[in-house]
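Peer 1: Structure incoming, see below.
The values are calculated or read from the model by the stated rules, or taken from the named source; none is laboratory data. Not measured: the values here are computed from a predicted model. Reconstructed Cβ throughout: ideal geometry from the backbone, glycine too, with neighbour counts over all protein chains shown.
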Amino acid sequence: MAAAPQPTSSLQFILGAVAVPRHWQLGIGPIIAAIVLAIIVVATLFAPLYVPHDPLSMDAVQRLKGPSSEYWLGTDAYGRDLFSRVMIGGQVSLFIGVGAAIVSVFIGLLIGLVSGFFRIADAIIMRIMDSLMAIPSILLAIALVALNGPSLWSVIFAITIPEIPRVVRLVRAVVLSAREEPYVEAAIAVGSSMPKILWKHLMPNTLAPLIVQGTYICASAILTEAILSFLGAGVSTEIPTWGNIMAEGRIYFQIKPSLIFWPGLMLSLCILSINLLGDTARDLLDPRLKKREG
Amino acid sequence: MRFKNRRFDDADRVLNIRDLSVSLSGGHQRPILDKVNVTIHQGETVCLVGESGSGKSVTSLAVMGLLTKDALTVTSGVIDLEGQNLLELDHKAMRQMRARRISMIFQEPMTALNPVMQVGAQIEEVLDSHTKLPPREKKKRVVDIMNQVHLPDVERIYNSYPHQLSGGQRQRIMIAMALILEPKLLIADEPTTALDVTTQNQVLALITELQEKHGTAVLFITHDMGVVAEIADTVYVMKDGQIIEHAPVETLLRHPTEEYTRRLLQAVPSLIPRPARERNGAVEVLDVEGLRKVYGIRRLFSRAKPTLAAQDVSFSIIRGRTLGIVGESGSGKSTVARCIMRLIDPTEGEIRVASTDIARLSRRELRPHRRHIQIVFQDPFRSLNPRWTIGQSLIEGQLNYGTSRSEAIKRSGELLELVGLPADALKRYPHQFSGGQRQRIAIARAIAMRPDVLVADEAVSALDVSVQAQVLQLLDELQEKLGIAILFITHDLRVAAQICDEVVVMQHGRIVEHDTAANVLMHPQHDYTRALIEAAPGRHWDFANFKELEPA
């Protein structure tokens, strides 16, 4: 007999019964990742309180200076303080990452629920999703930014759209298997309406995989934003983001590699730790996918 | 009833389990097995019976050396196979033991066989890992054992994949694999539970035949007392990890000494139908006419051959009575239930519930009529939402039909008491209840809607016999109190005999016989019904009264 799901804490209840094992066996990796990510998030969120310079104020005299007590990481080609720019720039990068993850998970969830439950809608929706997935996501994002102009919201929109099909597929697969469960059929039999069954019986089954998927989307959105900015198709250049800073530093890479190194380091640390936490979440929420040890 | 009355005192001892204890690793709870002693002689069939969780399977896995590593550990005891203590053998030596000296067959042959390998090759694999035979010799032995298990058309089946065979044929392949090296001991863990009765009968006969031919000792694990009566020489009764009684089969069935054994036997439903209730001219609450369901895969360019799941199905039920639909798997009985519930759409026919034809109503039009007909499913572990409290599950339907929340909660408490559970169960989650209790909750959820008809789709099939008896009793009481009509779908003739007033027998999607339970079970008219009754294991024995059935 299969082990019965046992929600005992509220966390387990939300994540779904099977999800959280009784003993959390965390390695050292996820803990370091969590600490690194926490430092980055806190540092960028509170950056306006402590950065020594206005990240936008230019000073022609101080162009391309090395690190000093005044400019901790040196200055860029316009004499702007690199440290202030990297810390403030993180705000936009993280905002885009988290924003894109939330928006695409939410929209994907709604579409996926409908697609999983209604046959006719499914046929149409999944063909649209297939065609979206057929286009390389960077290409699609560039096209969307080109259509809507380089504002913050249009970048989030451009990053979100290519991510939605993956979420839809995931949700649909969960719904397709859960709808065969007798408790769902029992709900139909007692006359519950379709929206109610979708939201109250089926939706909770998708939460655990969505949390995992959300972390991956967050990491990939931060990266996509950087790529878009680097290609000049991202947020407008007045707003510092990690991608923008690197794009501007590219020309001076030969004489001053630190212009790319520091934002690049922040970007890699951030994505690495998010992905590591995502893997950990997946192992905890779905032990079947965990690699067998020994 | 003819029992096996052979004596084995002089025969060689094949397996001797002494004081075997098994515990959860690192656990301080009570042991899973507590000082188990079992002896099996050459040519003897020992049945290990008990309810779920009693430790039957753990015993067999311990003998096979297949206990889940890191989860279960043997704390003490000896497993002696022809003078060799299996517990002292290392991994490699134990592997040599398996198939050569001990082998095992499982409940579900589909999952025990490799789906992407031809069955002939799978049997050959056993020879490959334990013997060095030239290819021609190997093939000869495989064909020989396949003939011994009475597989038809051996050449074709040799090259077939498991999915191309029937359940009975697959189990024969498993038996062939188990016996090809002529082991001393065969362990059979519920080998016929997943099979239909007629197939079960054949497989039991096969095991007995091969055992007599090869002198194999058999450890047969089952929960079914009927099977025990048919096949056992000696019976061991297990409860909570202990052997509480063992005796030759006839002695045990006639004069059980332990109270638990008596209760276990008394819970076996009798094949003699209970008297039908009075037909006091009450109204028809469910009327099915010419129901037909065809499954056909619609494709863009081709049309797959349609499968006829149900055809010309007509019956009606009046208030306060129970109609049973019996049949083997694939007979269409569940299709009929699901059509009536409109969980699937019937292809043709009328389904009149409270004098409205619901067969053609759209999802929206259907909702007001759903209330009249409710269902209880087979699997108690999946029929309640694991994330919802019992209270939430019970009030869901009532809220849908406009009952106020406080009213619904109050009524749910009353319903729980009606089905024999404490009212404080409302705040608890499904996993805190046993299978039988969950089935009671599912029944409470169904009757919360005050339905006219309750459809029970194999509602007691997943339960142990003693729990099964209680749930049947509950259904009976509720019917008495509420005047509900029950459509009871089952593959088990014994259960049908205990609860049904009328019985419909289905085969290949059609009704082959429809009469009162007494007539169908005592004077069957159709050949198929007769075959079903013939195949019911232990049908000549009255388990509850510890004696032969008196011919009616």
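Peer 1: With the requirement that a residue be within 28 Å of the chain's Cα centre (by Cα) and within 9 Å of another protein chain (Cβ to nearest Cβ), what does segment B:410-454 give you?
Peer 2: Result: B:Y429, B:P430, B:H431, B:Q432, B:G435, B:A442, B:R445, B:A446.
Peer 1: Based on this model, can you work out whether B:E365 counts as without any contact (Cβ under 8 Å) to a residue 12 or more places away in the chain, more than 25 Å from the chain's Cα centre (by Cα) and more than 20 Å from B:A444 (Cα to Cα)? Walk me through how you get there before you give the answer.
Peer 2: Numbers: without any contact (Cβ under 8 Å) to a residue 12 or more places away in the chain: yes; more than 25 Å from the chain's Cα centre (by Cα): yes; more than 20 Å from B:A444 (Cα to Cα): yes.
Considered against the rule, which asks whether it is without any contact (Cβ under 8 Å) to a residue 12 or more places away in the chain, more than 25 Å from the chain's Cα centre (by Cα) and more than 20 Å from B:A444 (Cα to Cα), B:E365 comes out as yes.
Peer 1: Condition (residue is of a type in the set (K, R) and closer than 26 Å to B:D287 by Cβ) applied to segment B:528-545: is it met by at least one residue?
Peer 2: No, that holds for no residue.
Peer 1: Applying the selection to segment B:107-121, what residues are part of a helix (DSSP H, G or I), modelled with pLDDT of 90 or more and more than 13 Å from B:R172 (Cα to Cα)?
Peer 2: Scanning segment B:107-121 gives a single hit, B:A121.
Peer 1: Further, regarding this structure: For segment B:76-104, how many residues meet the condition of being assigned to a strand (DSSP E or B) and surrounded by 17 or more Cβ atoms within 10 Å (Cβ to Cβ)?
Peer 2: Residues flagged as assigned to a strand (DSSP E or B) and surrounded by 17 or more Cβ atoms within 10 Å (Cβ to Cβ) within segment B:76-104 amount to 7.
Peer 1: Six or more apart or on different chains, Cβ atoms under 9 Å: show the pairs whose first residue is in segment A:68-90 and among the charged types (D, E, K, R) and modelled with pLDDT of 85 or more and whose second is surrounded by 24 or more Cβ atoms within 10 Å (Cβ to Cβ) and part of a loop (DSSP other than H, G, I, E, B).
Peer 2: What qualifies is A:R80/A:P240; A:R85/A:D76; A:R85/A:P240.
Peer 1: Of these, B:L151, B:L133, B:L127, which one is more than 31 Å from the chain's Cα centre (by Cα), under 22 Å from B:E182 (Cβ atoms) and in a loop (DSSP other than H, G, I, E, B)? Give the steps one after another, and end with the answer.
Peer 2: Details: B:L151 fails: more than 31 Å from the chain's Cα centre (by Cα); B:L127 fails: in a loop (DSSP other than H, G, I, E, B).
One residue alone meets the criteria, B:L133.
Peer 1: Would you point out the residue of segment B:393-409, among those that are in a loop (DSSP other than H, G, I, E, B) and more than 9 Å from chain A (Cβ to nearest Cβ), that is surrounded by the most Cβ atoms within 10 Å (Cβ to Cβ)?
Peer 2: Filtering first and then ranking leaves B:T403.
Peer 1: Give segment B:369-378 a look and list any residue that's within 28 Å of the chain's Cα centre (by Cα) and either within 7 Å of chain A (Cβ to nearest Cβ) or under 18 Å from B:V419 (Cβ atoms) (or both), or say none.
Peer 2: Of everything in segment B:369-378, those that are within 28 Å of the chain's Cα centre (by Cα) and either within 7 Å of chain A (Cβ to nearest Cβ) or under 18 Å from B:V419 (Cβ atoms) (or both) turn out to be B:Q374, B:I375, B:V376, B:F377, B:Q378.
Peer 1: Oh, and also: Taking the condition of being assigned to a helix (DSSP H, G or I) and either out of contact with any helix residue (DSSP H, G or I) (no Cβ under 8 Å at 6 or more places or on another chain) or in contact (Cβ under 8 Å) with a residue 40 or more places away in the chain (or both), how many residues in segment B:415-431 meet it? Step through it out loud before you land on a result.
Peer 2: First, pick out the residues of segment B:415-431 that are assigned to a helix (DSSP H, G or I): B:415-418, B:423-427, B:430-431.
Those still in the list that are either out of contact with any helix residue (DSSP H, G or I) (no Cβ under 8 Å at 6 or more places or on another chain) or in contact (Cβ under 8 Å) with a residue 40 or more places away in the chain (or both) too: B:418, B:424, B:430-431.
Final tally of qualifying residues: 4.
Peer 1: Now for a different question. Given the condition away from chain A (no Cβ under 12 Å), at pLDDT 90 or above, surrounded by fewer than 22 Cβ atoms within 10 Å (Cβ to Cβ) and in a helix (DSSP H, G or I), answer yes or no: does some residue in segment B:379-392 qualify?
Peer 2: yes
Peer 1: Can you find even one residue in segment B:240-257 that is of a type outside the set (A, V, I, L, M) and closer than 30 Å to B:V503 by Cβ?
Peer 2: no
Peer 1: Does A:P209 meet the test of being under 30 Å from B:A448 (Cα atoms) and part of a helix (DSSP H, G or I)?
Peer 2: No.
Peer 1: Right, here's the next one. If we scan segment B:334-341, do we find a residue that is crowded, with 21+ Cβ neighbours inside 10 Å, facing chain A (nearest Cβ under 10 Å) and part of a loop (DSSP other than H, G, I, E, B)?
Peer 2: Yes, the conditions are met somewhere in segment B:334-341.
Peer 1: Identify the residue in segment A:181-195 that is more than 7 Å from chain B (Cβ to nearest Cβ) and assigned to a helix (DSSP H, G or I) and, among all such residues, is farthest from B:R445 (Cα to Cα).
Peer 2: A:P195
Peer 1: Going residue by residue through segment B:349-363, is there one that turns out to be buried (at least 23 other Cβ atoms within 10 Å of the Cβ), out of contact with any strand residue (DSSP E or B) (no Cβ under 6 Å at 6 or more places or on another chain) and at the interface with another protein chain (Cβ under 8 Å from one of its Cβ atoms)?
Peer 2: Scanning segment B:349-363 turns up no residue that is buried (at least 23 other Cβ atoms within 10 Å of the Cβ), out of contact with any strand residue (DSSP E or B) (no Cβ under 6 Å at 6 or more places or on another chain) and at the interface with another protein chain (Cβ under 8 Å from one of its Cβ atoms).
Peer 1: Kindly indicate whether any position in segment B:455-469 is buried (at least 19 other Cβ atoms within 10 Å of the Cβ), within 12 Å of another protein chain (Cβ to nearest Cβ) and more than 29 Å from B:L265 (Cα to Cα).
Peer 2: Checked against the condition, which is being buried (at least 19 other Cβ atoms within 10 Å of the Cβ), within 12 Å of another protein chain (Cβ to nearest Cβ) and more than 29 Å from B:L265 (Cα to Cα), segment B:455-469 yields no hits at all.
Peer 1: Then there is this: Checking the condition small (G, A, S), within 14 Å of chain B (Cβ to nearest Cβ) and either surrounded by fewer than 19 Cβ atoms within 10 Å (Cβ to Cβ) or over 19 Å from A:I107 (Cα atoms) (or both), which residue from A:A178, A:A233, A:A146, A:A226 passes?
Peer 2: A:A178
Peer 1: Considering only residues that are out of contact with any helix residue (DSSP H, G or I) (no Cβ under 8 Å at 6 or more places or on another chain) and under 13 Å from B:E284 (Cα atoms), which ones fall in segment B:322-356?
Peer 2: Within segment B:322-356, B:L323, B:R352, B:S355 qualify.
Peer 1: Let me spell it out: the conditions are (1) modelled with pLDDT under 95; (2) crowded, with 19+ Cβ neighbours inside 10 Å, and A:S131 meets all of them except one. Which number is the exception?
Peer 2: For A:S131, the exception is condition (2).
Peer 1: So which of B:T131, B:T111 ends up being among the hydroxyl-bearing types (S, T, Y) and loosely packed, with under 13 Cβ neighbours inside 10 Å? If you could, list the steps in order and put the result at the bottom.
Peer 2: On the way: B:T131 fails: loosely packed, with under 13 Cβ neighbours inside 10 Å.
Being among the hydroxyl-bearing types (S, T, Y) and loosely packed, with under 13 Cβ neighbours inside 10 Å holds for just one of B:T131, B:T111, which is B:T111.
Peer 1: Residues of segment B:467-510 being among the hydrophobic types (A, V, I, L, M, F, W, C), in a strand (DSSP E or B) and within 23 Å of the chain's Cα centre (by Cα), which ones?
Peer 2: Answer for segment B:467-510, where residues must be among the hydrophobic types (A, V, I, L, M, F, W, C), in a strand (DSSP E or B) and within 23 Å of the chain's Cα centre (by Cα): B:I486, B:L487, B:F488, B:I489, B:V503, B:V504, B:V505, B:M506.
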